[in-house]
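The structure appears right after this line, and notes come after that.
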Amino acid sequence: MDINNSVALVTGANRGLGRAFAQRLLERGAHKVYATARRPETVDLPGVEVLPLDITSRASVRAVAAAAPDVTLLVSNAGIQTGTDLVAGSLDAVRHEVDTNVLGHLEMIRAFAPALARNGGGAIVNVLSAMSWFGTRGAGAYHLTKAAAWAMTNGVRLELADRGTLVTAVHLGLADTDMSAGWPVDKIAPSDLADAALDGVEAGAAEVLADQWSRDVKSRLTLTPEEFNAAMDRALAALAAA
């Protein structure tokens, strides 16, 4: 699909990657950009149409789908990271991440799939992570949700193919956002991530590996679990020491 003249809706558009997506969509000629957030008053980007949205609330998702029936591109970006381990961490926190990072994205896809089909098929961008493929101490819940979201994205791609809807999974390592502020390492600029994802949509790509980190991690998936974990330990140690 062509980003120019598209009608896009971006979740979590008040900051970070979501704000960068909304801004680059406007700059690339989108006809309309719906910028959504749980606190719509925090969206500060001129030129967007602001809508309130909590992706963990079915009523909120249904309301935003009714308010934006002309959408041709859904950018499902909203997400959280609670820093929770799977065994010793709070199960309520794990559930909160699953509700947001997996079921919230699926709720949005289910709500907007009919409109996308009516509007010619369109496209869905799911912002995932290189942590779809590996976990670390202190981020077990995040790894769980991103792995599940990757599987969900692959599943809905198959189900929506006959409606003409492109489903693009976007993976990255670290972007220069509030979530990664504590890591003093090279990070992809949010605008560069948005451009890589939108270029992928225009090319009809099912998957975008937006940086070298995500490409390196995925290339190791053919290793045995022991080999993979050892390689990731080395990579993470090198990242911490950089």
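For 133, 213, write out the residues from largest to smallest accessible area, computed with a 1.4 angstrom probe and no ligands counted.
On the way: 133 20, 213 60 Å².
The most accessible residue leads, giving 213, 133.
List the lysines whose Cα sits under 16 Å from the Cα of residue 218, skipping any in the same chain fewer than 8 residues away.
List returned: 146.
Taking the Cα-to-Cβ direction at residue 86 and at residue 98 and moving 7 Å from each Cα, how far apart do the two end points lie in nm?
Computed distance between label sites residue 86 and residue 98 equals 1.1 nm.
Write down the Kirkwood hydrodynamic radius of the chain, to one decimal in angstroms, obtained as one divided by the mean of 1/r over all alpha carbon pairs.
That comes to 18.1 Å for the chain.
Test of understanding: in a Gaussian network model of the chain with alpha carbons linked when under 10 Å, which of 104, 164, 122 would top the mean-square fluctuation ranking?
Top of the fluctuation ranking is 164.
What number in nm² do you get for region 99-242 if you take the convex hull of its Cα atoms and divide its surface by four? Show your work: numbers first, answer last.
Values: hull surface 36.7 nm².
So the Cα hull casts an average projection of 9.2 nm².
Please compute the net charge surrounding residue 34, taking Lys and Arg as +1 and Asp and Glu as -1 over other residues with Cβ under 10 Å from its Cβ.
-1
Name the most mobile residue of 57, 191, 129, meaning the one with the largest mean-square fluctuation, in a Gaussian network model of the chain with Cα contacts below 10 Å.
So, out of 57, 191, 129, the one fluctuating most is 57.
Hey, what did region 13-62 get for relative contact order, percent, Cα under 8 Å, at least 6 apart? Provide the component values of the computation, followed by the final result.
Values: 68 pairs, mean separation 15.2, N = 50.
Here the relative contact order equals 30 percent.
Under a point spin-label approximation (7 Å from Cα along Cα-to-Cβ), what is the residue 158-residue 63 distance to one decimal in nm?
According to this spin-label approximation, the distance is 3.6 nm.
Rolling a 1.4 angstrom probe over the protein chains, ignoring ligands and nucleic acids, what is the accessible area of residue 218 in square angstrom, nearest 10?
70
Mind checking the dipole of the chain: about its Cα centre, +1 per Lys or Arg Cβ, -1 per Asp or Glu Cβ, Debye to the nearest 20?
On the way: 21 positive and 27 negative charges, 84 e Å.
That gives a dipole near 400 debye.
Would you mind calculating the gained length between residue 224 and residue 44 on full extension (0.36 nm times residue separation, minus the Cα-Cα distance), in nm to one decimal? Show your work: numbers first, answer last.
On the way: separation 180, 0.36 × 180 = 64.80 nm, distance 4.68 nm.
Fully extending the segment from residue 224 to residue 44 adds 60.1 nm.
Which one, 203, 239, 111, projects farthest toward the positive side of the charge dipole computed for region 106-242 from Cβ point charges (K/R +1, D/E -1)?
Working it through, the farthest residue towards the positive pole turns out to be 111.
Starting from the residue with the highest accessible area, list 202, 27 in decreasing order, probe 1.4 Å.
Greatest to least solvent exposure: 27, 202.
Å³ per residue of the Cα convex hull, for region 1-93? Don't skip to the end; give the middle numbers.
Values: hull volume 10.3 nm³, N = 93.
Taking only Cα atoms, region 1-93 has a hull volume of 111 Å³ per residue.
Can you tell me, using C-alpha contacts under 8 Å and at least 6 residues apart, the relative contact order of region 12-124 as a whole percent?
24
Which residue fluctuates the most in the chain, going by a Gaussian network model with Cα springs under 10 Å, if the choices are 19, 137, 163?
Of the options given, 137 has the highest mean-square fluctuation.
Relative contact order for the chain: what percent, with Cα pairs under 8 Å and sequence separation of 6 or more?
About 18 percent, as a whole number.
The values are calculated or read from the model by the stated rules, or taken from the named source; none is laboratory data. Quick caveat: nothing in here was measured; it's all calculated off a predicted structure. Every residue, glycine among them, receives a Cβ derived from its backbone with ideal geometry; neighbour counts consider all protein chains shown. Please note that ligands, DNA and RNA were not included when accessible areas were found on the heavy atoms of the full protein model with its side chains. Shrake-Rupley method; radii C 1.70, N 1.55, O 1.52, S 1.80 Å.
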